[in-house]
Amino acid sequence: MQSLLGLGLKFCPRPEFTTSQSRFSTSLDRFAKDLQTKCYFAGEESEWTPKQLYIRNDQWQLKDQMINREIQARIDSFRKRLKPLFRRRKVYSNLTPIQHRLLSTLRHHPDLLVLNSDKNLGPVILEREVYVRRCLTDHLLTRPYQQLSQEEADNFTSETRHLLKKFLTENSYAISKMDMTYLRRSLESVTDPYAYFYVLAKIHKSPWKTRPIVSVSGSLLYGLGKWLDQQLQPLVKKLPTYLSSSFQLKMIWTTCMELTSLA
């Protein structure tokens, strides 16, 4: 354990092999598609703006007439010059054999979990039984949470989906066409309607505590939440109590302390 702790939180183990030409080609294909797509939409006259919310369609492809020939020629030249530099070869490891075995043991151990700590203080290794018990006793079995049966959960998601569709239908006149497209597509693209619960370890506390996180990314309400946040941000910034950053809070506090001392 000491041999791993001595590496520091910013240590990066080297991969077993360098990037091969095939992996380089795959990455450059993605780069070329993204660049050509940006160039195409940059010249389009539409309602779309850089801040417009949208759902990415991985099946969408650029047609030949959409491709900028000059940009494509530069990409081809870039590929031709860079590709020979990528050759798959064995990498000399920056880990000792003992460190390799220990990392492998930690990664595949059935009774241990590696999780993030609060305040970005690094990874935490915790017994799985302790993690589950703390999730239940600290949070999920307390008053703010309520356990639902599978039938109750399914009914709740069905009702929520119905309310969202009703909201979009009744407010179609007040929402822009682009935003309406985003909201409808975000609702149609949901494959897992539920949010997910996990905890971070607050190791800066003594004794250590847990911080609950409920991730709604990809859930039924995710698209609506992003859109609602975008609508409210301009209003929030007009409030007299709005603070743009912790630096601004610190400056206000410093000014208040100076005025107090003068008084």
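No value in this document is a laboratory result; all are computed from the given coordinates. Note that the coordinates shown come from a computational prediction; the quantities given were computed from them, not determined experimentally. As a convention, Cβ positions derive from the backbone with ideal geometry for all residues, glycine included, and neighbour counts pool all protein chains shown.
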note = Taking every DSSP bridge whose two residues both lie in the chain, the antiparallel percent to the nearest 5 is 95
ask   = Can you sort M178, M1, M251 so the residue with the fewest Cβ neighbours within 10 Å comes first?
value = M1, M251, M178
remark   = At the level of C-alpha centres, the distance separating the stretch 209-249 and the stretch 102-116, in angstrom, is 34
key: Proximal lysines relative to K10, as straight alpha-carbon distance under 16 Å, when same-chain residues fewer than 8 apart are discounted   = K119
inquiry  = Calculate the FRET efficiency for N116 and R30 from the Cβ-Cβ distance with a Förster distance of 35 Å, rounded to the nearest 0.05.
reply    = 0.80
key: At most 11 other Cβ within 10 Å, DSSP loop - trypsin sites (Lys or Arg not before Pro), the stretch 222-259   = K237, K238
FRET efficiency, N57 to Y92 (Cβ-Cβ, R0 45 Å, nearest 0.05) = 0.60
Calculated log10 I(q)/I(0) by the Debye sum over Cα atoms at q = 0.09, 0.15 Å⁻¹ (choose from (1) -0.83, -1.27; (2) -0.52, -0.98; (3) -0.39, -1.15), label = (1)
request  = Mind pulling up the Rg/Rh value for the stretch 114-263? Radius of gyration and Kirkwood radius, both on Cα.
outcome  = 1.09
key: Spin-label model distance (nm) - Y242 vs F197, 7 Å beyond Cα toward Cβ   = 3.5
inquiry  = If the reach is capped at under 27 angstrom between alpha carbons, list the lysines near K63, excluding any in the same chain fewer than eight residues apart.
reply    = K33, K38, K51, K80, K83, K177
key: Those aspartates and glutamates that a straight Cα-Cα span of less than 17 Å connects to K166, excepting residues fewer than 8 apart in one chain   = D179, E188
ask   = Spin-label point model (7 Å from Cα, Cβ direction): what's the C256 to T157 distance in nm?
value = 4.5
remark   = 1/(1 + (r/R0)^6) with r = Cβ-Cβ of E70 and S176, R0 = 35 Å, i.e. FRET efficiency to nearest 0.05, evaluates to 0.55
message = Across the stretch 15-85, what fraction of all alpha-carbon pairs, as a whole percent, falls in each successive 5 Å bin from zero upward?
response = 3, 12, 21, 22, 16, 12, 8, 5, 1, 0
